[in-house]
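The values are calculated or read from the model by the stated rules, or taken from the named source; none is laboratory data. Note that the coordinates shown come from a computational prediction; the quantities given were computed from them, not determined experimentally. Please note: Cβ atoms are built from the backbone with ideal geometry, for glycine as well, and neighbour counts cover all protein chains shown. All accessible areas refer to the heavy atoms of the entire protein, side chains included, with ligands and DNA or RNA removed. Shrake-Rupley method; radii C 1.70, N 1.55, O 1.52, S 1.80 Å.
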Amino acid sequence: MSNKEVKAALKSARDAIRNKEYKEALKHCKAVLKQEKNNYNAWVFIGLAAAELEQPDQAKGAYKKAIELEPNQLLAWQGLANLYEKSNQTDVNGDLADVYQKLLELYESGDKQKWCDVCNKLVELYHQEKKYLEVAETWQKLIRMKQEEGAEKTELHQLWKKMIHLLKDSRRNHDNKTGQLLLTAFEHALHSADTVPGEDHQNLYKDFIQYLSKFPHEVARLEKACHDMMALYPTMSYPLEVLCLHFVQSGTLSEKALHCFSRLLEMDANSGPGIICFGIKCLKENKYKEAVKSLTEGLQKTNQCPAAWYYLAEAQMKIHEHRNAVLSCNQALEALGTPEGPDFQWKNLALQLKAETLIKIADADAAEEAIKALEQIADGSTDPVVLALRGRAYLNKSLMDQASKISQELLLSHPHLAETYALEGFIHYSQKNYEQAEKSFLNAIERKAGTAEYHQYLGLTYWFMSDETKKDKGKALTQFLKAAKLDSYLGSAFCYLGNYYRDIAGDKSRARGCYKKAFELDETDEESGTAAVNLSVELGDMDAALSILNEVTEKARPGTAKWAWLHRGLYYLRTGQPSQAVSDLQAALRADPKDSNCWESLGEAYLNRGSYSTALKSFRKASELNPGLVYSIYRAAALEQILGKYENAIATYQQILKKTENYVPALKG
């Protein structure tokens, strides 16, 4: 076949492809290849025809052969790109990206429009594959090309915005370089905006600041962006809110931060971040209740702030709302997710505070949860404070051997740490080794005198050590007073002060004040509540007693606060108000249906009300629960007599007299 015949055959192949006669085209191409096996056009036409005949492997092989022959010719690369684009197989995407890269190289010095079209396709392909760095770098090349061609500012603005759109949806998958390219795109988009100030520019600024706040190492850039936006949009609270939350999350309360807080609240008194910042300020000023109130309110408006949840837990811990503090720690940990950078430290802090709080709850389940929290703290196995907490958790679970082992290790490795001696003291105290406990707590106080709990436990040690130390003003009393002074929310310190003034000093009035304070701090403290009521009655201040009882019963859920219902029921019984007594004593029995004395009192109330049958049932129930209650048995017999059940009454009287021969009411009956 001559050169002329080769050209004719290739023309025939081209015409056949144009007429969609692909098999015919293949015949012409094969004829050419017999003569010229390295004919570029013949291989390209085979690729085209095979692709149309749905023979992708043959097409791919033909195009690759052509490329091998002429690597810088466009036709084969274009054909291969079309072949891959039509393929439904995702495994060709990598090959397609390589083809697009080559096409960009070939178009770069020639057809700029086609270069841009291929560039768009390549970016789309990278975006599908979530290759965000490649997306960013390729799109930047497109923008550079447009800049070199002298594109208008408006077109460039739209291109930068498109780059933001391509990158911002998947920030989680960004590496640092991609993140930097995204932030650069934001800056270019802001500088190229037409209308400044304007709504689109304002929204773009908000997005920029939001993304900046996600980068822990871009503090200076974030602060600058917030201040620049405030200068342009002085009535907008958003940049101030972001700045405030940044200060909160960074854990700094500098003058600059405080100025930022007050400025935000002046601008918008209902701003969630502003209220959060005010709560943190209250916490630092030891205004714990105000801190809890503000932080709770602020977090209802802005709940994705881990540091704020941590500060709320800290404030709740200070006022001994331990279960609420655990919930707040959990919220902090949930908001943190899988932290990195500075947030990692917040996770450790939240886990440690959660463990401390659970240890204060002091039951086995809480102790188990505390141990799990401590296990998650990074480097917790070498931190002596964390180890001391673990020792206390073991102690709360009655795992004495494990607690003692940690205590011994700490005494050897950290003999200058207050927590080391405190743990030793708690172990001795739990074993009633009061003399050793005294030494340990004194050692702990020597190293950390401002811890109320150490003084409280030293006071308890003196209280139970002996009558002498209990009565010695310089021992138990002094320590309880110090504990109460250091922690004015420590209800148990006030309860023991009440015990001291009532049982040792004989000062009922002062004792009542202490019990009342203890009960106000902890409404679940039945001992203090009961003592405050009893002392009020003894001091003739029935109004004060009723005030406490009314407050408790108003808040009580069904089946709770038995002591308050019982006390008020007995008061109504004594003061001739049997209907109210019945109601309260029934409520007390809902909390404890097996209290025989309560059933006896209920019987008395029904009797006084004239409800003889129900009174009889109540007295019978009391004697069933406690056969030794002679009075209930006698009352049942007397009621049977009143109701005309004489035989039953006689039998019951005789039953009493068998046990108690000279029981006069039974003899009379």
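Brief remarks follow.
- Trypsin sites (Lys or Arg not before Pro) within segment 556-636, DSSP loop, no more than 11 other Cβ atoms inside 10 Å: LYS594
- Ratio Rg/Rh [Cα only; Rh per Kirkwood] for segment 1-90: 0.97
- Note, ³J(HN,Hα) from phi for segment 63-73, Karplus 6.51, -1.76, 1.60, rounded to Hz, x at Gly and Pro: 4, 5, 5, 4, 5, 4, 6, 9, x, 10, 8
- Relative contact order computed over the chain (Cα-Cα under 8 Å; 6+ residues apart), in percent: 3 percent
- Entry note, the chain: the mean residue ellipticity at 222 nm calculated from DSSP H runs of n ≥ 4, each adding -39500 (n - 2.57), is -24500 deg cm²/dmol after division by the residues and rounding to the nearest 500.
- P(r) weight above 13 Å for segment 238-295, C-alpha pairs, percent: 53 percent
- Solvent exposure of the chain as accessible area per residue, Å², 1.4 Å probe: 51 Å²
- Whether segment 170-262 is rounded, prolate or oblate, judged on the alpha carbon gyration tensor where a/c under 1.5 counts as rounded: oblate
- Classified by the C-alpha gyration tensor, segment 296-401 has an oblate form. Its axis ratio a/c, with a ≥ b ≥ c, is 1.5 or above, and a/b does not exceed b/c.
- Using θ = phi - 60° in the Karplus curve 6.51 cos²θ - 1.76 cosθ + 1.60, the 3J(HN,Hα) couplings for segment 88-104 round to 8, 8, 6, 6, 8, 4, x, 5, 4, 4, 5, 5, 4, 4, 5, 4, 4 Hz; x is entered for Gly and Pro.
- The chain: angle of helix 288-301 to the longest principal axis, Cα-based, in degrees nearest 10: 40 degrees
- Around ASN499: net Lys/Arg minus Asp/Glu count, Cβ-Cβ under 11 Å: 0
- Alpha-carbon Rg/Rh ratio, for segment 413-508, with Rh computed the Kirkwood way: 0.98
- Summing Lys and Arg as +1 and Asp and Glu as -1 over all other residues whose Cβ lies under 12 Å from the Cβ of LYS11 gives a net charge of +2.
- Over all pairs of different C-alpha atoms, segment 79-169 has a mean inverse distance whose reciprocal, the Kirkwood radius, equals 13.7 Å.
- Cα centroid separation - segment 82-161 against segment 1-51, whole Å: 32 Å
- Ranked packing of 488-499, 226-237, 393-404, most packed first, by mean Cβ within 10 Å: 488-499, 393-404, 226-237
- Shape annotation for segment 538-661: C-alpha extents along the principal axes are 47, 26, 25 Å, from largest to smallest.
- For the chain, a simple Cβ point-charge model (Lys and Arg +1, Asp and Glu -1, everything else neutral) yields a dipole of about 880 debye relative to the Cα centre.
- Rotationally averaged projected area of the chain (alpha carbon convex hull; nm²): 51.9 nm²
- Fraction of accessible area attributable to carbon and sulfur, the chain (%, probe 1.4 Å): 47 percent
- Sequentially through segment 148-160, phi angles give Karplus couplings (6.51, -1.76, 1.60; θ = phi - 60°) of 5, 7, x, 4, 5, 4, 5, 5, 4, 4, 5, 5, 5 Hz, Gly and Pro residues having no value and appearing as x.
- Relative packing of 206-219, 102-115, which averages over residues the other C-beta atoms within 10 Å, highest first: 206-219, 102-115
- For peptides 9-18, 365-374, 145-154, sequence by mean Cβ density within 10 Å, most packed first: 365-374, 9-18, 145-154
- Cut-off 12 Å between beta-carbons: net charge of the residues surrounding GLU290, Lys and Arg +1, Asp and Glu -1: +4
- Inverse mean reciprocal Cα-Cα distance (Kirkwood Rh) of segment 1-158, Å: 17.1 Å
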